[in-house]
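All remarks here apply to the structure that follows.
The values are calculated or read from the model by the stated rules, or taken from the named source; none is laboratory data. Since this is a predicted model, take the numbers as computed values, not measurements. No Cβ is skipped: glycine too gets one built from the backbone with ideal geometry, and neighbour counts run over all protein chains shown.
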Ligand SMILES: Cc1cc2nc3c(=O)[nH]c(=O)nc-3n(C[C@H](O)[C@H](O)[C@H](O)COP(=O)(O)O)c2cc1C
C-alpha cells in the first residue's frame, strides 16, 4: 500500500456525474469503437464508444456500452438502431480520423446521419446491414448477441454484446510475414479522462512468466 493520504468516494452518496468523471479518469486508456448502425429504414448512423472491449475469443464476442443521455435519460441512436436491427459494425479509430470521429459525437436528431456531418464515408458490409467506415483500416462486422440494461435514467449504461462474424484488416497495417497487425502502422488512438485522447506508440515489452 502506498502511504500517501487517500480520498474515498462512496458512490451511493456522490452524484453520478462525478462518479462518471472519476471512473473515466482512472479506467484508462480506453480503446474507442466507432460503431455504425442503420435504422429500420436503412439510414446509417455512426458514433464513438470508449466503453468497449473484447469479451470472448472463442466464440468471438465484443461489447460496448452506450449510456442513456445525461440530461434527458433518452436512448442514444446507436442503441435504438441495434435494438431494432440487431447488427452493427465496429471500426478502429486511428490518429488520421480522430477529429472526424470526434465530430460524430455531436448530438444530431434521430435519422440525421453523422456520416455526412463528419466527412467519413460509409461502405457496404458483407454480412450485416450496417456499413463499414472507408477511412478506418480495421472493420468488424457484428451480429447482436445480447443487451444487458443497467437502468433507464441519465448515465445508465446498456452493455451491447455482439458476435464478430467478419474481420476486415487492411493489408498495409499487417506484417506480411506472420499476418499480425503492427501497431505502429495501425496508429490507433484511445480515450483518457475529460477531453483527452491518447496515441498507442509508447509501448514497452514484458515477457509473460512461464
Ligand atoms: C471518444 C469518444 C468516446 C465516447 N464513448 C462513449 C461511450 O462509451 N458511451 C456513451 O454512451 N457515449 C460515448 N461517447 C459519446 C457518444 O459518442 C455521443 O453521445 C454520440 O452522440 C452518440 O451517438 P448516437 O446518438 O448516434 O448513438 C463518446 C464520445 C467520444 C468522442
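Take the conditions touching a residue at least 40 places away in the same chain (Cβ under 8 Å) and touching a strand residue (DSSP E or B) at 6+ places or on another chain (Cβ under 7 Å) and apply them to residue 144. Does it pass? It is true that residue 144 is touching a residue at least 40 places away in the same chain (Cβ under 8 Å) and touching a strand residue (DSSP E or B) at 6+ places or on another chain (Cβ under 7 Å). Here residue 166 meets the list (1) more than 15 Å from the ligand (Cβ to nearest atom); (2) closer than 22 Å to residue 53 by Cα; (3) outside any strand (DSSP E or B) almost entirely, failing just condition (3). Confirm whether residue 38 is more than 9 Å from the ligand (Cβ to nearest atom), touching a residue at least 40 places away in the same chain (Cβ under 8 Å) and either under 18 Å from residue 138 (Cα atoms) or buried (at least 19 other Cβ atoms within 10 Å of the Cβ) (or both). It is true that residue 38 is more than 9 Å from the ligand (Cβ to nearest atom), touching a residue at least 40 places away in the same chain (Cβ under 8 Å) and either under 18 Å from residue 138 (Cα atoms) or buried (at least 19 other Cβ atoms within 10 Å of the Cβ) (or both). If the condition is being more than 16 Å from the ligand (Cβ to nearest atom) and part of a loop (DSSP other than H, G, I, E, B), then the stretch 169-196 contributes 170, 175, 176, 177, 178, 179, 180, 182. When the stretch 98-133 is filtered for residues that are closer than 17 Å to residue 188 by Cβ and either free of Cβ contacts under 8 Å to residues at least 40 places away in the same chain or more than 12 Å from the ligand (Cβ to nearest atom) (or both), the ones remaining, listed by number, are 99, 100, 120, 132, 133. Annotation note: of 8, 74, 14, the sole residue that is loosely packed, with under 11 Cβ neighbours inside 10 Å, more than 24 Å from residue 96 (Cα to Cα) and either out of contact with any helix residue (DSSP H, G or I) (no Cβ under 7 Å at 6 or more places or on another chain) or without any contact (Cβ under 8 Å) to a residue 12 or more places away in the chain (or both) is 8. Given the criteria in a strand (DSSP E or B) and surrounded by 15 or more Cβ atoms within 10 Å (Cβ to Cβ), does residue 63 qualify? It is true that residue 63 is in a strand (DSSP E or B) and surrounded by 15 or more Cβ atoms within 10 Å (Cβ to Cβ).
Filtering 80, 100 for residues that are at pLDDT 95 or above, buried (at least 18 other Cβ atoms within 10 Å of the Cβ), assigned to a helix (DSSP H, G or I) and more than 12 Å from the chain's Cα centre (by Cα) leaves a single hit, 100. All of (1) over 26 Å from residue 153 (Cβ atoms); (2) assigned to a helix (DSSP H, G or I); (3) more than 13 Å from the ligand (Cβ to nearest atom) hold for residue 56 with one exception: (2).
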